[in-house]
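Inspection log for the structure reproduced underneath, given as structure tokens.
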Ligand code: G3P
Ligand code: CA
């Protein structure tokens with residue numbers, strides 16, 4: 001089975017991450033899905049941005065949560081882009097789903113609520129997934145495992161993914177405890193025995209973030225179900241050849 005290719009923060013190796021440009025770029029490069037990061041604005045809008053602060057990816061300053069959606073929307077989200085793309089903005093999750101729900105793309109929606117609490121983010125994300133009838137094409141992931149339990153409480157049929165970094169002994173035990181369907185394994189922890197054991201226990205396994213051609217090929221040979229990559233076009237080509 002050829003693994004699915006998910007564009008990490010969109011085609012973020014080529015476009016400003018977590019922007020409409022990066023998501024359109026992923027679709028153009030025939031990604032199977034988009035991985036994106038969500039958190040809440042001060043007034044409760046679900047916004048697509050990775051960091052809890054604005055400085056790295058935008059021309060704003062301060063915490064995302066201290067800004068209303070109107071304020072966030074005025075910012076440019078193309079910091080570091082070459083060439084700068086002055087129209088690039090922080091998207092809302094609704095805007096992303098408006099644009100891409102009609103396409104065949106799948107979604108990994110990562111709740112960024114491990115370091116900074118995001119009250120009721122789970123409810124808002126589940127509402128949006130349901131409104132766009134995307135339950136079957138979407139996985140909700142998080143480093144905050146309690147939040148994954150909350151997702152299952154809200155919608156038992158919603159697929160979730162245990163997302164972790166660094167060594168985690170027997171991640172399938174943790175996944176089982178939190179009722180997840182998938183394990184999202186960091187590249188440096190991805191081995192064939194891990195993939196085989198996790199799959200034997202009924203989990204789907206995705207590796208992140210895998211960008212080098214040789215490693216993409218290796219992950220496919222291990223039997224992963226999906227590859228989360230900053231370069232979906234490259235991954236697509238490599239997998240077509242392997
Ligand atoms: O999909 C996993 C990956 O996105 C988690 O790390 O920091 O890139 O959101 P990060
Ligand atoms: Ca992410």
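All of the numbers you see were taken from the coordinates with simple rules; none came from a lab. Quick caveat: nothing in here was measured; it's all calculated off a predicted structure. Glycine also receives a Cβ, built like all others from the backbone with ideal geometry; neighbour counts cover every protein chain displayed.
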Take the alpha carbon atoms of the stretch 45-97, find their center, do the same for the stretch 114-172, and report the distance between the two centers in whole angstrom. 22
Percentage relative contact order, the chain, counting C-alpha pairs under 8 Å, at least six apart: 21
May I have the convex hull volume per residue, in Å³, for the Cα set of the stretch 169-210? 61
Before rounding to the nearest 500, sum -39500 (n - 2.57) across all DSSP H runs of length at least 4 in the chain and divide by the residue total; then give [θ] at 222 nm in deg cm²/dmol. -9500 deg cm²/dmol
Over what distance in Å are the Cα centres of the stretch 9-25 and the stretch 194-228 separated? 23
Full-extension gain between residue 43 and residue 136, please, as 0.36 nm times their residue separation minus the C-alpha to C-alpha distance. 30.6 nm
Apply the Debye scattering formula to the chain, with a single equal point scatterer on each alpha-carbon and no solvent, then give log10 I(q)/I(0) at q = 0.07, 0.10, 0.11, 0.14 Å⁻¹. -0.21, -0.44, -0.53, -0.89
Say each of residue 211 and residue 120 gets a label point 7 Å from the Cα, pointing the same way as Cα to Cβ; how far apart are those two points in nm? 3.8
Percent of Cα pairs exceeding the 25 Å cut-off, where the set is the stretch 109-208: 17
Please figure out what share of the DSSP beta bridges in the chain is antiparallel and state it in percent, rounded to the nearest 5. 15
Taking just the C-alpha trace of the stretch 28-78, give me its Rg and Dmax in Å. 12.1, 36
So what are the three principal axis dimensions of the stretch 195-242 from its Cα atoms, in whole Å, longest to shortest? 31, 19, 13
